[in-house]
Amino acid sequence: MTLIAPVFLSILAFLVLTQTTMAQGNLVINGGFDTDASGWVVTNVYVSGGGGYQSSLGNPPGSVVLYNLLYGSSHPSPTASQEISGLTSGALYIVSGDYRRIAGKNVTDISFGVALDSIYLFETVVPTNSNWYGFSFDYTATSTSAILSLSAQINGTDYSYAIDNISMQAVPEPSTLALSALGGLLLAYRRLALPRFGGQRWG
C-alpha cells in the first residue's frame, strides 16, 4: 500500500510535466531558416538584389532578408508571413525573434515591425549598427489561428532587415506551473523515500 501512492503520484507528476513541455513548444514552422524559408510566404522582395532567403547572414545560419528595391508610401513593404494555427482563444503567447539592419538610408521613422492579423505589436527604428537584436512581446489569442508577419521598409522608409529565430510559444498558466513544481517535488520524494536495494541503505 505504501508503494502505490508514491508510484501513482510520480505518474501524475510525469503527465503534468509532459503537458507543460508540450504547451511550450514553438508554434512557428521553420522559424530558424536553417536551410530554406519553407512554411513562410515571402512577398514584395527584390530577389535579384539579395532579398528573400539567404543561406548566410543568419544568427546562425540562414535568414530571410526583407528588401525591396522600391519603397515609399505607394509601395508594399517586403514581408515574411505565416499562419499560426493551434492557438487557444484567450490564451497568452509570447512572440520573439531576432532582426538586424541590412542597408538603406538613415531615417528616424519606424522601419521594421512585427504584426499579428495586420496589427503591429512590435515596431522599431533602425538600429545604429548591424548587430543582431531581439524582440519579444505578449499576445493574447482571439481565435484558433492568426497571421504572423514581419515587415521591413514600413512607413515608406528605405531600410531593409534580416530576420531569424522566430518563435511563438504558449505561456503556461500559474496553476500549471505550480502543478509542475509539485510534480518535481513528488518525483524527488519518491526517489528518496522508496527503499533501496543491492547493498544500499533503506529509505
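Of the strands (runs of 3 or more DSSP E) lying entirely inside segment 23-108, the ones with 3 or more residues being in contact (Cβ under 8 Å) with a residue 12 or more places away in the chain and farther than 24 Å from residue 146 by Cβ are found at 92-104.
Of all residues in segment 81-121, how many are buried (at least 18 other Cβ atoms within 10 Å of the Cβ), over 15 Å from residue 28 (Cα atoms) and not charged (D, E, K, R)? Qualifying residue count, segment 81-121: 5. For segment 113-128, what are the residues that are within 24 Å of residue 171 (Cβ to Cβ) and either touching a Lys or Arg at 6+ places or on another chain (Cβ under 8 Å) or part of a strand (DSSP E or B) (or both)? If the condition is that a residue be within 24 Å of residue 171 (Cβ to Cβ) and either touching a Lys or Arg at 6+ places or on another chain (Cβ under 8 Å) or part of a strand (DSSP E or B) (or both), then 113, 114, 115, 116, 119, 120, 121, 122, 123, 124 are the ones that fit.
When segment 31-49 is filtered for residues that are surrounded by 13 or more Cβ atoms within 10 Å (Cβ to Cβ), closer than 21 Å to residue 153 by Cβ and at pLDDT 95 or above, the ones remaining, listed by number, are 33, 37, 40, 42, 43, 44, 45, 46.
The values are calculated or read from the model by the stated rules, or taken from the named source; none is laboratory data. From a predicted model like this one, the values you see are computed outputs, not experimental measurements. Cβ coordinates were reconstructed from backbone atoms using ideal geometry, including for glycine residues, and neighbour counts include every protein chain displayed.
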